[in-house]
Amino acid sequence: MSRRPESERSDWTDLDLLTREEAHGRLLAEIAETDVRLSELGESDQAERELLQSRLRALREAAEDLIDHSKKN
């Protein structure tokens, strides 16, 4: 039994953790979904388009970072 107060105990278990490959796969799926949403927007949806483009850049960067980190290890 942990001596930490319950509010400070982690609720993570090994089963909750993703491998880099699983995380990369989920990022690729999210990238694909975001690409579709972006392609469906009309010209009048400029604000949403900018938000989705920003999200897409961040998702791609995260996916690339995972691959780069995997190659280094």
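Bear in mind these aren't lab numbers, they're just calculated from the coordinates by the rules spelled out. Just so we're clear, the structure is a prediction, and the values are computed from it rather than from any experiment. Glycine also receives a Cβ, built like all others from the backbone with ideal geometry; neighbour counts cover every protein chain displayed.
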Worksheet item: Taking the inverse of the average 1/r across all pairs of different Cα atoms in region 16-73, what Kirkwood radius in Å do you get?
Response: 12.4
Worksheet item: To the nearest 20 debye, what is the magnitude of the charge dipole of region 17-72 about its Cα centre, counting +1 on the Cβ of each Lys and Arg and -1 on the Cβ of each Asp and Glu?
Response: 280
Worksheet item: Stretched out fully, how many nm does the piece from Asp65 to Val36 gain, at 0.36 nm a residue minus the Cα gap?
Response: 8.2 nm
Worksheet entry | Karplus-derived 3J(HN,Hα), 6.51/-1.76/1.60, for each residue of region 31-46, Hz, glycine and proline x | 4, 4, 5, 5, 4, 5, 4, 5, 5, 8, 6, x, 5, 6, 9, 4
Fill in: Packing-based order for 33-39, 17-23, using average beta carbon neighbours within 10 Å, highest first
33-39, 17-23
